[in-house]
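Encoded as structure tokens, the structure appears first; notes follow it.
The values are calculated or read from the model by the stated rules, or taken from the named source; none is laboratory data. On a predicted model such as this, the values are computed, not experimentally measured, just so you know. Please note: Cβ atoms are built from the backbone with ideal geometry, for glycine as well, and neighbour counts cover all protein chains shown. Just so you know, the surface numbers come from the protein's heavy atoms only, side chains and all, with ligands and any DNA or RNA stripped out. Shrake-Rupley method; radii C 1.70, N 1.55, O 1.52, S 1.80 Å.
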Amino acid sequence: MEVRFWVFLLVAGCAVDAPSKEQLGKQLFNDRSLSTPVGQSCADCHDPTQAFRDPESDRTTSMGAVDGRFGNRNAPTAMYSAAIPPLHYDGRWVGGLFWDGRASSLEEQAAGPLMNPREMNNPDHATVVAKVRRSPYAAQFREVYGSRALDDTETAFAHITDALASYERGPDLSPFSSRYDKFMAGTGTLSAQELRGYRLFNASCASCHPAPLFTSFEYVNVGVPRYENNMFLRDNPSFIDHGLSTTVNQPTEDGKFRVPSLRNVARTAPYGHNGYFENLPFMLEFLNTRDVGSMQVATCSRAANSQARCQWPAPEIPATIDHRVGDLGMSKDDLADLAAFLEALSDE
Ligand code: HEC
Ligand code: HEC
């Protein structure tokens, strides 16, 4: 009798289990009706099946809900963004969401794409809240945030960004399940090649991309060239991306962007804040040879010497370039080892 009573309680307990903020956030994240016009969700630019980045990477920047209107920057993965601290000054600038640190929390960040005319393009908060009121999960929303949660526009909008941020803080987006994590936990191994890459990484990369998140969250100008194929520049040919200096209004920060995490980097092509680098080997070649030129760029004639190194195109903003990268002296084999190690940072 007593056992049956406890079983009853257990089952009843599960049946009335309220949906969590995280589950609600997941539904919001995947809801294509939240854009104007409808048709674009967060997941369209941060696909959960593809390391939360934009699968239409041939475009290099993402198209928004309005056909033919493109963003100015390469969509980063939303994974591990829960670990990014708010932007703060600590002898140097650290943290902040977006490539230029302009949002200080996931909640503030989430409001950005919902309103951005180049992304989900809603005219105001009321439009978003009205869409959520009509959504299949409106009842769940009231269960989680209270029966009047969707009545007042600003309160409801704050709940929406809160739920999105809860989902982004959950284990789906920060699983720490890569082969590197298993190696560190002593439950898996890395190959000899990956271990060679790991040593090279520690020598040349870890100062800006330290474990466990493979970023220091600091701001650096690595000298990414202007990218004329960037869809945004076709409509805005005079645009120059000043990065952090626009956020903090300091010329010393011109052209600096937040060091990105390298977790899942093998799956997040193209690379760089403007998508200049279409694949990982090309990005690594740039870091290796920015200052000495490369056989992989075609900015000079090779008529006389087919092995000639050509200069990389000029950086968009030359004044603040960081010289910890640019002439790393790595061989072809070194770069292959490095790429092999970076593959081991992909979650399984
Ligand atoms: C049209 C494509 C697009 C859509 C839709 C979109 N994003 Fe993004 N997202 C981007 C781009 C591009 C950036 C980088 C923009 C920048 O740095 O200025 C970004 C940045 C982010 C970041 C910051 C990551 C970092 O490393 O700083 C997070 C988190 C994020 N998006 C979550 C979301 C959420 C949540 C939604 C839905 C409410 C969403 N995105 C909708 C393209 C998109
Ligand atoms: C001096 C600091 C610094 C060092 C050292 C450094 N990086 Fe970076 N890395 C950055 C910054 C900053 C960016 C973003 C640059 C941008 O887009 O403007 C970046 C971007 C990248 C990207 C592109 C990621 C993406 O999502 O677009 C890869 C891959 C990368 N670095 C790998 C490496 C490797 C491998 C090394 C060692 C050979 C290395 N980095 C050394 C600062 C550094």
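General observations
- Between ARG324 and VAL38, the simple spin-label model (points 7 angstrom out along Cα→Cβ) gives 4.8 nm.
- Binned Cα-Cα distance frequencies in the range 33-156 - 5 Å width, integer %: 2, 10, 17, 19, 19, 16, 10, 4, 1, 0
- Over the chain, relative contact order from alpha-carbon pairs under 8 Å, at least 6 apart, %: 19 percent
- Dipole in debye (nearest 20) - the range 12-159, about Cα centre, beta carbon charges: Lys, Arg +1; Asp, Glu -1: 120 debye
- Take the convex hull of the alpha carbons in the range 120-173; its mean projected area over all directions comes to 4.1 nm².
- Taking all protein chains into account, the per residue accessible area for the range 179-343 stands at 49 Å² (1.4 Å probe).
- Projecting label points 7 angstrom from Cα along Cα→Cβ for ARG102 and VAL292 puts them 3.8 nm apart.
- Cα-based shape type of the range 87-188, given that a ≥ b ≥ c are square roots of the gyration tensor eigenvalues and the cut on a/c is 1.5: oblate
- Of all DSSP beta bridges in the chain, antiparallel share, percent nearest 5: 85 percent
- Charge-dipole axis of the chain as Lys and Arg at +1 and Asp and Glu at -1 on Cβ define it, positive-most pick from ALA269, PRO171, GLN250: ALA269
- Cut-off 11 Å between beta-carbons: net charge of the residues surrounding SER207, Lys and Arg +1, Asp and Glu -1: -1
- The range 179-343, relative contact order [Cα under 8 Å, separation at least 6], %: 30 percent
- Each of ALA308, LEU342, SER331 was placed along the dipole of the chain (beta-carbon charges, centred on the mean Cα), and the one lying farthest toward the positive end is ALA308.
- Shape category assigned to the range 179-343 from the gyration tensor of Cα positions, a/c cut at 1.5: oblate
- For THR187 and SER301, the FRET efficiency from 1/(1 + (r/R0)^6), where r spans their Cβ atoms and R0 equals 56 Å, is about 0.55.
- Dipole check for the range 179-343: with +1 at the C-beta of Lys and Arg, -1 at the C-beta of Asp and Glu, and the Cα centre as origin, the magnitude is about 300 Debye.
- Debye equation applied to the C-alpha atoms of the range 95-142, log10 I(q)/I(0) at 0.13, 0.19, 0.25, 0.30 Å⁻¹: -0.39, -0.71, -0.93, -1.04
- Dipole magnitude of the chain about its Cα centre (Cβ charges: Lys, Arg +1; Asp, Glu -1), debye to nearest 20: 260 debye
- Rounded, prolate or oblate (a/c below 1.5 giving rounded, otherwise prolate when a/b exceeds b/c) for the range 32-72 by Cα gyration tensor: oblate
- Dipole orientation for the range 70-137: of the candidates THR127, THR77, GLN109, THR127 has the Cα lying most toward the positive pole (charges on Cβ; Lys, Arg +1; Asp, Glu -1).
- Apportionment of accessible area to carbon and sulfur, the range 179-343, percent (1.4 Å): 54 percent
- For LYS131, a cut-off of 17 angstrom between C-alpha atoms picks up these aspartates and glutamates, skipping any fewer than 8 places away in its own chain: ASP31, GLU119, ASP151, ASP152, GLU154, ASP162.
- Largest first, the residues ASP172, ASP241, ASP67 sort by 1.4 Å accessible area into ASP67, ASP172, ASP241.
- Three semi-axes of the equivalent ellipsoid, the chain, Cα gyration tensor, whole Å, largest first: 40, 26, 17
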